[in-house]
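Dropping the structure in here first, questions after.
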């Protein structure tokens, strides 16, 4: 292991951002592959907002595990949280996130996402 990242996020905060910015919010934060996964959630359902918040918390945790400051320029869409063959979350990087992972010799990530009534939490371990 090289580094850890964790984040907790209020689901209602993400819901308010979506209600205010709609599809602009989605296209700014989530990759096309993540948006494809989102289509399986009923729009505006509890699961819909849990998905958004869980993925955003995961991206924050990945960002922290990459040990890069705010000025590094990693975009939200440079980090995708997709599903592995068993349905669990996995990480795919592109752009500056991938470059940063290569600089740190990161080969893979272990990731866990969880939800409760009000919060989504994610934990990431970057592995060399």
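Please list, by residue number, everything in the range 1-34 whose backbone N is under 11 Å from a paramagnetic label point 7 Å out along Cα→Cβ of residue 127.
Zone members listed by number: 1-2.
Relative contact order for the range 3-127: what is it in percent, counting Cα pairs under 8 Å that are at least 6 residues apart?
Once divided by the residue count of the range 3-127, the mean separation gives 37 percent.
Would you mind checking the tilt of helix 11-21 against the longest principal axis of the Cα atoms of the chain, expressed as 0 to 90 degrees and rounded to 10?
On a 0 to 90 degree scale, this one is about 80.
Between residue 71 and residue 12, what is 0.36 nm times their sequence separation minus the Cα-Cα distance? Round to one decimal in nm. Could the numbers behind the result be given before it?
On the way: separation 59, 0.36 × 59 = 21.24 nm, distance 2.77 nm.
Full-extension gain reported as 18.5 nm.
A further question on this structure: Taking 0.36 nm per residue of sequence separation and subtracting the Cα-Cα distance, how much length would be gained by fully extending the chain between residue 82 and residue 110, in nm to one decimal?
8.8 nm
To continue, here is another question. Once every DSSP H run of n ≥ 4 in the chain is given -39500 (n - 2.57) and the sum is divided by its residues, what mean residue ellipticity at 222 nm do you get, rounded to the nearest 500 deg cm²/dmol?
Mean residue ellipticity at 222 nm (helix-derived): -12500 deg cm²/dmol.
No lab work stands behind these numbers, since they all come straight from the coordinates. Nothing here was measured: the structure is a model prediction, and the numbers come from that model. Note that we place each Cβ from the backbone using ideal geometry, even for glycine, and neighbour counts take in every protein chain shown.
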